[in-house]
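Some notes on the structure that comes next.
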Amino acid sequence: MTAPPGLTQLVSKAARFASYRTKTYDADPMITSVPGTATAVESTRLVISHVACYTGQRWLKAEAYGAVTLHQGTTRIRLEPGLNNTPRKITERQAKDLLIIARADGGGKLKRMPRSSYLSISCGLHGVIPPAATEKLIERGYIATSGEEGSTVTVSLAGHIAVAWRALKLEKVPAGQWAVSLAETLIDVFGPEPFEA
């Protein structure tokens, strides 16, 4: 078993690791599609801004294995999970860690371990996620963070999909209903807060 990476390696992974393969295409067949990649932070921000502008399930489609398609008029952006962040790879421990981060007010914070170069995720009163677990969450693209000490850590698009997928599987929801349930979850999680008068 190898030791967790130091700060420099962790920042590099968090900032550059491509969690999703992206493809942007138009309804007009004469406009060519544009392939690319997106990090956990980029893909999460993309969905947050999309759901803020386009409310309702007709604008966001999900597939059982974790792909998400965002509809914007005639344009569609498809996010396909990379090999590392497919929902089926999430472990029970990782799902619990992601729920701890999600419950922490404002997310967690990356903190350096005392007398070490390793980083953990501090979730206030909810606890601390150790360095090895932190590294795995970054490798899988399940958390969105810059990777720098003191930076905020939130559950990413891939993390929310993986936790929701695991819950659907454990609750024995028929596979035919997974796509709709995942889309509903993403709209609930990333949608704007309801206005209170």
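The values are calculated or read from the model by the stated rules, or taken from the named source; none is laboratory data. Owing to the predicted nature of the structure, the values given are computational and were not obtained by experimental measurement. Cβ coordinates were reconstructed from backbone atoms using ideal geometry, including for glycine residues, and neighbour counts include every protein chain displayed. Only protein heavy atoms, including side chains, enter the accessible area calculation; ligands, DNA and RNA are left aside. Shrake-Rupley method; radii C 1.70, N 1.55, O 1.52, S 1.80 Å.
How many residues does segment 149-169 contain that are more than 13 Å from THR185 (Cα to Cα) and assigned to a helix (DSSP H, G or I)?
Selection size over segment 149-169: 1.
Out of the residues in segment 106-115 that are touching a helix residue (DSSP H, G or I) at 6+ places or on another chain (Cβ under 8 Å) and assigned to a loop (DSSP other than H, G, I, E, B), which is modelled with the highest pLDDT? Steps first, please.
Taking segment 106-115 first, the residues touching a helix residue (DSSP H, G or I) at 6+ places or on another chain (Cβ under 8 Å) are 107-108, 110, 112-113.
Now restrict to residues that are assigned to a loop (DSSP other than H, G, I, E, B): 107, 113.
Details: GLY107: 84, MET113: 78.
Only one residue tops the list, namely GLY107.
Checking the structure you have, find out if any residue of segment 172-179 is at negative phi, out of contact with any Pro (no Cβ under 8 Å at 6 or more places or on another chain) and surrounded by 15 or more Cβ atoms within 10 Å (Cβ to Cβ). Walk me through how you get there before you give the answer.
If we filter segment 172-179 for residues that are at negative phi, which is where we start, we get 173-179.
Okay, now just the ones that are also out of contact with any Pro (no Cβ under 8 Å at 6 or more places or on another chain), so 173-179.
If we keep only those that are surrounded by 15 or more Cβ atoms within 10 Å (Cβ to Cβ) as well, we get 178-179.
Yes: one or more hits.
Residues in segment 47-88 that are touching a residue at least 60 places away in the same chain (Cβ under 8 Å) and aliphatic (A, V, I, L, M): how many?
The qualifying residues number 9.
If you go through segment 118-141 one residue at a time, do you hit one that is in a loop (DSSP other than H, G, I, E, B) and under 14 Å from SER19 (Cα atoms)? Walk me through how you get there before you give the answer.
Applying the first criterion (in a loop (DSSP other than H, G, I, E, B)) to segment 118-141 yields 118, 123, 127, 130, 140-141.
Keeping just the survivors that are under 14 Å from SER19 (Cα atoms) gives 140-141.
Looking through segment 118-141, at least one residue is in a loop (DSSP other than H, G, I, E, B) and under 14 Å from SER19 (Cα atoms).
Do the conditions hold for PRO192, that is, is it of a type outside the set (A, V, I, L, M) and open to solvent by 30 Å² or more (accessible area, probe 1.4 Å)? Explain how you work it out, then say what you get.
Working: of a type outside the set (A, V, I, L, M): yes; open to solvent by 30 Å² or more (accessible area, probe 1.4 Å): yes.
It is true that PRO192 is of a type outside the set (A, V, I, L, M) and open to solvent by 30 Å² or more (accessible area, probe 1.4 Å).
Across segment 20-59, which residue is surrounded by the most Cβ atoms within 10 Å (Cβ to Cβ) among those that are assigned to a loop (DSSP other than H, G, I, E, B) and in contact with a strand residue (DSSP E or B) (Cβ under 9 Å, 6 or more places away or on another chain)? Outline the logic, then answer.
Just the residues of segment 20-59 that are assigned to a loop (DSSP other than H, G, I, E, B), to begin with: 27-33, 54-56.
Subsequent filtering for residues that are in contact with a strand residue (DSSP E or B) (Cβ under 9 Å, 6 or more places away or on another chain) retains 27, 31-33, 54.
Details: ALA27: 10, ILE31: 12, THR32: 10, SER33: 11, TYR54: 15.
The extreme case among them is TYR54.
Would you mind telling me which numbered condition in (1) in contact (Cβ under 8 Å) with a residue 60 or more places away in the chain; (2) open to solvent by 30 Å² or more (accessible area, probe 1.4 Å); (3) among the hydroxyl-bearing types (Ser, Thr, Tyr) THR91 fails?
Against the list (1) in contact (Cβ under 8 Å) with a residue 60 or more places away in the chain; (2) open to solvent by 30 Å² or more (accessible area, probe 1.4 Å); (3) among the hydroxyl-bearing types (Ser, Thr, Tyr), THR91 comes up short only on (1).
Residue-wise test of (1) buried (at least 20 other Cβ atoms within 10 Å of the Cβ); (2) modelled with pLDDT under 90; (3) at positive phi; (4) charged (D, E, K, R).
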site	(1), (2), (3), (4)
LEU119	yes, yes, no, no
SER122	no, no, no, no
GLY141	yes, yes, yes, no
GLY147	yes, yes, yes, no
VAL155	yes, no, no, no
ARG166	no, no, no, yes
LEU182	yes, no, no, no
